[in-house]
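To keep things clear, I will list the structure first and then write my remarks on it.
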């Protein structure tokens with residue numbers, strides 16, 4: 001195969017690149033459709049190289065040098081420390097690079113890729129063909145990428161360094177980087193569900209760097225997949241000792257405690273997670289559900305009402321579900337029929353038509369308790385038309 005039409009080929013090409021400089025794979029290579037590019041980025045502490053298979057295929061010129069150059073360019077961004085976590089960018093925790101700084105980073109990555117290309121015996125003319133497709137010689141003053149001539153010059157600088165065997169060190173390994181090598185080896189084992197192997201390597205990373213929070217997080221995940229819930233809790237507890245403001249550790253520990261039946265311990269952790277991250281409405285839903293199961297109906301309603309007040313894109317139907325649960329609690333347990341009716345109407349409005357059967361049945365029951373048989377039967381019949389076996393229809397003796 002002579003292009004990256006398979007993930008296997010891209011991994012093999014990556015190994016070739018890293019072997020040139022004796023570096024370990026300290027990022028995740030991830031196919032990503034519809035980006036029409038290859039991108040070096042980080043997300044929640046994990047470094048990635050994303051590549052579009054179709055984009056890589058479009059660069060194909062009868063061999064894989066063009067594709068390999070693009071991949072080496074993205075590796076160069078990571079090797080040179082250019083990639084910054086997109087979560088930090090989104091939260092404005094870091095200052096964005098200026099256009100001039102970004103163009104300089106592109107040239108550094110091009111130089112690295114040129115060096116790799118020469119070391120692997122590639123033909124620099126293939127790079128010229130690539131740049132004819134992806135760049136121009138227009139004024140680059142307002143662009144994130146330099147002009148074609150500048151980029152080709154940077155490639156030639158790296159290429160020539162390799163040919164004259166000039167000693168070039170793109171990276172000096174530190175103790176933290178050695179820990180990171182074990183971390184990414186473990187992370188990739190997690191991806192193929194080798195959880196025992198992953199735990200072993202995460203542990204090696206932690207032994208080198210005892211404060212490696214990301215390694216604890218991922219080792220806890222591996223333990224959870226092996227049903228070692230107490231081991232996972234131990235790792236989340238260690239994270240909290242290192243970083244008392246780590247809301248995710250509190251949330252994940254709470255989720256495990258909930259599965260273990262430690263409801264009050266889960267409530268405490270969910271409340272801490274929500275305090276540290278008040279935009280995480282999943283904490284509110286989780287708190288409400290636990291309190292409901294404990295019979296704390298007013299506490300559950302308080303959390304549900306707070307959750308539905310958030311103005312967010314509700315793709316998973318959490319708001320509709322919350323309103324439906326509040327309606328049931330209000331009519332069954334609190335005998336607040338008017339409140340239940342308002343909530344069930346809100347739930348219906350937020351739920352797709354085909355999924356409203358159970359809601360109309362609940363609405364029928366509410367009207368039944370309110371002694372309005374006409375509306376009770378009407379809503380119960382609506383539930384049946386939506387293929388929901390509504391028990392209210394029989395209880396109310398509707399015709």
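The values are calculated or read from the model by the stated rules, or taken from the named source; none is laboratory data. Computed from a predicted structure; not experimentally measured. Heads up, the Cβs are rebuilt from the backbone with ideal geometry, glycines too, and the neighbour counts pull from every protein chain shown.
Couple of notes before you dig in:
- Among the residues of the stretch 362-380, those identified as surrounded by fewer than 19 Cβ atoms within 10 Å (Cβ to Cβ) and under 19 Å from residue 327 (Cα atoms) are 369, 370, 371, 372, 373, 375, 378.
- Long-range neighbours under 8 Å by Cβ, at least six apart or interchain, first residue at positive phi and crowded, with 24+ Cβ neighbours inside 10 Å within the stretch 109-129, second modelled with pLDDT under 90 and not in a helix (DSSP H, G or I): none
- When 137, 153, 67, 128 are checked against the criterion of being over 30 Å from residue 191 (Cα atoms) and modelled with pLDDT under 85, 128 stands alone in meeting it.
- Scan the stretch 293-328 for residues that are surrounded by 15 or more Cβ atoms within 10 Å (Cβ to Cβ), over 22 Å from residue 357 (Cβ atoms) and in contact with a helix residue (DSSP H, G or I) (Cβ under 7 Å, 6 or more places away or on another chain) and the total you get is 7.
- Some residue of the stretch 354-361 being closer than 30 Å to residue 306 by Cβ and exposed (fewer than 15 other Cβ atoms within 10 Å of the Cβ): yes
- Scanning the stretch 296-347 for residues that are outside any helix (DSSP H, G or I) and either touching a residue at least 60 places away in the same chain (Cβ under 8 Å) or within 34 Å of the chain's Cα centre (by Cα) (or both) yields 296, 309, 310, 311, 312, 313, 314, 315, 316, 317.
- Answer residue from the stretch 348-392, given it is more than 17 Å from residue 332 (Cβ to Cβ), out of contact with any helix residue (DSSP H, G or I) (no Cβ under 8 Å at 6 or more places or on another chain) and not in a helix (DSSP H, G or I) and is modelled with the lowest pLDDT among those: 389
- Scanning the stretch 16-33 for residues being under 16 Å from residue 182 (Cα atoms) and without any contact (Cβ under 8 Å) to a residue 12 or more places away in the chain gives a total of 1.
- For the stretch 12-23, the tally of residues that are surrounded by 14 or more Cβ atoms within 10 Å (Cβ to Cβ) and not in a helix (DSSP H, G or I) stands at 1.
- Test: residue in the stretch 187-203 that is in contact with a strand residue (DSSP E or B) (Cβ under 8 Å, 6 or more places away or on another chain), more than 20 Å from residue 256 (Cβ to Cβ) and surrounded by 15 or more Cβ atoms within 10 Å (Cβ to Cβ): yes
- For the stretch 1-33, the candidate set comprises residues that are modelled with pLDDT of 80 or more and farther than 17 Å from residue 76 by Cβ; within that set, the residue that is farthest from the chain's Cα centre (by Cα) is 12.
- Yes/no for residue 74 being modelled with pLDDT under 80 and within 27 Å of the chain's Cα centre (by Cα): no
- Listed here are the helices (runs of 4 or more DSSP H) enclosed by the stretch 157-260 that have at least 2 residues being modelled with pLDDT under 95, within 24 Å of the chain's Cα centre (by Cα) and at positive phi, and there are none.
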